[in-house]
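A short worksheet on the structure shown next.
Rule-based calculations on the coordinates, nothing more; no lab input. All figures in this text were calculated on a predicted structure; none of them were measured in a lab. A quick note on method: Cβ atoms are made from the backbone with ideal geometry, for glycine too, and the neighbour counts reach across all protein chains shown.
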Amino acid sequence: MYTWKDYVGYDRLPHIWCSGCGNGIIFNALGQALEKMQLPLEKVVIVSGSGCFAKIVNYPGVNTVKMLHGRVLSGATGIAMANPELTVFALMGDGDGTTIGGNHLIHAARRNINVTAILGNNYNYGMTGGQYSGTTPEGSITATSRYGLVEDGFDACKLVEAAGASYVARTTAYDVLELQKMIIEATEKPGFAFIDVLAACPTHYGRLNKMGTPAEQMLKIKEGTVPVAKAAKMSPEELKGKLLTGKLVDRNDREDYAVLYAKMAKEARGE
Ligand code: SF4
């Protein structure tokens, strides 16, 4: 029987993240979800890239692989294809996952390879000083938009849904129990599964945008979201500027790439 401590590598803590950072909350939720699923340690792989959230690979008691910046999914999908018996997690910040690695995200979802991707989305490149990323909301003050961001950030869930992912969900680091539930659902779903977790970076994004204490920042992030069931009863005006949370996509009409590939190879060989 494994505990969450076995999965997160408890003896390697403390971690390096700033006080109030959402990364530790997401990491703990992953450990709790893995404890509930009781996956063998040697069958779990966590892949990350660069940035604050990517430091997650320094700790776990499971297999870890660190890729170059933006290349998390090229590593994760390769591992999942090479050994379909493994449970592969791709942990990416918004810079790593949707900006520098945005093209990998589109094609991993399109190919529907059996990986669970978790986006720690704090609207900036935290490790390099708080530059804006592809998800940073319009008007935000960041290290590279001192007068306010001219562009608007995109909705990562809509992008991944359009590309063909089997499972897409969004929550916040405030809603840890919902996050744990989503991690379990996404892991058990064959094909590409994606969870967008809106989280606080109090050191850069929160400070520059005067969002208050880390707890106040978490609340503000939550207030910027609407559960999908509630959104169905709201007008487009009421939903302006809000992001939907909950399970957004759960489709069964596409098989996992590795399963399809094995079938086609068998047929081609006449087996
Ligand atoms: S800089 Fe931001 S994202 Fe990085 S550890 Fe600190 S609070 Fe977290």
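Just a few scattered comments:
- Burial ordering of 204, 15, fewest other beta-carbon atoms within 10 Å first: 15, 204
- The Cα-based radius of gyration of the range 1-117, divided by its Kirkwood radius, gives an Rg/Rh of 0.95.
- With contacts taken as Cα pairs under 8 Å at a separation of at least 6 residues, the range 147-271 carries a relative contact order of 29 percent.
- Ordering 16, 102, 116 by the projection of their Cα atoms onto the charge dipole of the chain, which places +1 on the Cβ of Lys and Arg and -1 on the Cβ of Asp and Glu, puts 16 at the extreme positive end.
- Residue order, fewest to most surrounding Cβ atoms within 10 angstrom, among 213, 87, 116: 213, 87, 116
- This ranking places 187, 171, 144 by how few other beta-carbon atoms lie within 10 Å of each, fewest first, which gives 144, 187, 171.
- Measuring between alpha carbons in the structure, the pairs from 189/222; 43/233; 158/266; 55/220; 55/189 lying more than 31 angstrom apart are 43/233; 158/266.
- A simple charge model with +1 on the Cβ of Lys and Arg, -1 on the Cβ of Asp and Glu and nothing else charged puts the dipole of the range 61-139 at about 200 debye relative to its Cα centre.
- With Cα atoms, 0 to 90° folded angle of helix 102-111 axis to the chain main axis: 40
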